[in-house]
Amino acid sequence: MQLNPYGEYAVLLAASLANDPPADRAEIIARTRTFGMTMSFVPEPGDHALVTAAVNDWLTVVDAADPQRRAEILNTQMAAAAAYPRLTDHDDEGWHLHYRDQNQTLAHVLRAVFSVGTALHLTTRGMQRLGRCAAGFTAGDPCRNVIVDVTRNGRQRYCSVRCANRAAVRRHRARRHQK
Ligand SMILES: [Zn+2]
Ligand SMILES: [Zn+2]
């Protein structure tokens, strides 16, 4: 497993697990593969539920009211899950850093990866580059998707073209009503 300098894959993995919750352990592991993790995990009783809890805790970072609060929550989560960095070379990935101890269970690894990866992403790209799809801010709109903003200009507001279009249609209707 590799945390690139921007923590991007880790935040995108967390958002993917939040937006499209996996049904079982195998799906969680498949998702870690999709986002570039290669390591195998030690089975743990109830690890699907433990990962769900880890994702839910991570969502408190997403929904933090301001950067100060966001930093406080992340610091608490890193203190609980992460360890001092250590160099490792496994699964032919090449030498890289792990920010956790040797516990290889799914939830433990993901808590460390989410917290450190998100901290790297936010401090590198900007503290505001994480949030919810703006379409969902309108009452009655069902979208609660997490957005990880990795765009060049940092102005992503919607999770998808579909949500952007739905919001545009609403704005258009609102303008027509004002006339
Ligand atoms: Zn690794
Ligand atoms: Zn959306």
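Of the conditions (1) in contact (Cβ under 8 Å) with a residue 60 or more places away in the chain; (2) assigned to a helix (DSSP H, G or I), Ala71 clears all except one; give me its number.
Here Ala71 clears every test but (1).
Which condition number does Ala107 fail, the rest of (1) within 19 Å of Phe35 (Cα to Cα); (2) within 16 Å of ligand 1 (Cβ to nearest atom) being met?
(2)
Within the stretch 101-143, work out how many residues are buried (at least 19 other Cβ atoms within 10 Å of the Cβ) and among the hydroxyl-bearing types (Ser, Thr, Tyr).
Result for the stretch 101-143: 2.
Return the pairs, sorted by first residue and then second, in which the second residue is more than 16 Å from ligand 1 (Cβ to nearest atom) and of a type in the set (S, T, N, Q), the first residue lies in the stretch 109-138 and is part of a helix (DSSP H, G or I), the beta carbons are less than 6 Å apart, and the residues are 6+ apart or on different chains.
Correct list of pairs: Ser115/Gln77.
Could you tell me whether Gln156 is surrounded by 14 or more Cβ atoms within 10 Å (Cβ to Cβ) and assigned to a loop (DSSP other than H, G, I, E, B)? Talk me through it step by step, then tell me what you get.
Details: surrounded by 14 or more Cβ atoms within 10 Å (Cβ to Cβ): yes; assigned to a loop (DSSP other than H, G, I, E, B): yes.
Yes.
Give the stretch 5-32 a look and list any residue that's over 14 Å from the mean Cα position of the chain (by Cα) and under 17 Å from His98 (Cα atoms), or say none.
Pro5
Tally time: how many residues in the stretch 52-68 are free of Cβ contacts under 8 Å to residues at least 60 places away in the same chain, of a type in the set (A, V, I, L, M) and part of a helix (DSSP H, G or I)? Explain how you work it out, then say what you get.
Filtering the stretch 52-68 down to residues free of Cβ contacts under 8 Å to residues at least 60 places away in the same chain leaves 52-53, 55-57, 60, 64-66, 68.
From the residues that got through so far, the ones that are of a type in the set (A, V, I, L, M) too are 53, 55, 64-65.
Remaining after also requiring part of a helix (DSSP H, G or I): 53, 55.
Residues meeting the conditions: 2.
Enumerate the pairs (first residue in the stretch 146-167 and more than 15 Å from Arg132 (Cα to Cα); second residue anywhere and at pLDDT 95 or above and part of a helix (DSSP H, G or I)) with beta-carbon separation below 6 Å, excluding pairs fewer than 6 apart on the same chain, so at least 6 apart or on different chains.
Arg166/Ala135
Of all residues being in contact with a His (Cβ under 9 Å, 6 or more places away or on another chain) and of a type in the set (Val, Ile, Thr) in the stretch 122-161, which is farthest from ligand 2 (Cβ to nearest atom)? Just the residue, please.
If we take residues in the stretch 122-161 being in contact with a His (Cβ under 9 Å, 6 or more places away or on another chain) and of a type in the set (Val, Ile, Thr), then Val150 is farthest from ligand 2 (Cβ to nearest atom).
Got a sec? Which of Arg25, Arg86, Arg100 is basic (Lys, Arg) and in contact (Cβ under 8 Å) with a residue 60 or more places away in the chain?
Selected residue: Arg25, the only one of Arg25, Arg86, Arg100 that is basic (Lys, Arg) and in contact (Cβ under 8 Å) with a residue 60 or more places away in the chain.
Any idea how many residues of the stretch 38-51 are free of Cβ contacts under 8 Å to residues at least 60 places away in the same chain and within 16 Å of ligand 1 (Cβ to nearest atom)? Step through it out loud before you land on a result.
Pass one, the stretch 38-51, residues free of Cβ contacts under 8 Å to residues at least 60 places away in the same chain: 38, 45-46, 48-51.
Subsequent filtering for residues that are within 16 Å of ligand 1 (Cβ to nearest atom) retains 38.
Number of matching residues: 1.
Looking at the stretch 4-36, which of its residues are outside any helix (DSSP H, G or I), under 19 Å from Val146 (Cβ atoms), modelled with pLDDT under 95 and not small (Gly, Ala, Ser)?
Across the stretch 4-36, the qualifying residues are Tyr6, Phe35.
State all residues of the stretch 74-106 that are closer than 25 Å to Val150 by Cα and either within 16 Å of ligand 2 (Cβ to nearest atom) or in a helix (DSSP H, G or I) (or both); if no residue qualifies, say none.
If the condition is that a residue be closer than 25 Å to Val150 by Cα and either within 16 Å of ligand 2 (Cβ to nearest atom) or in a helix (DSSP H, G or I) (or both), then Leu74, Asn75, Thr76, Gln77, Met78, Ala81 are the ones that fit.
The values are calculated or read from the model by the stated rules, or taken from the named source; none is laboratory data. In this text, all values refer to a predicted model and were calculated from it rather than measured experimentally. Cβ sites come from the backbone with ideal geometry, for glycine too, and all protein chains shown count toward neighbours.
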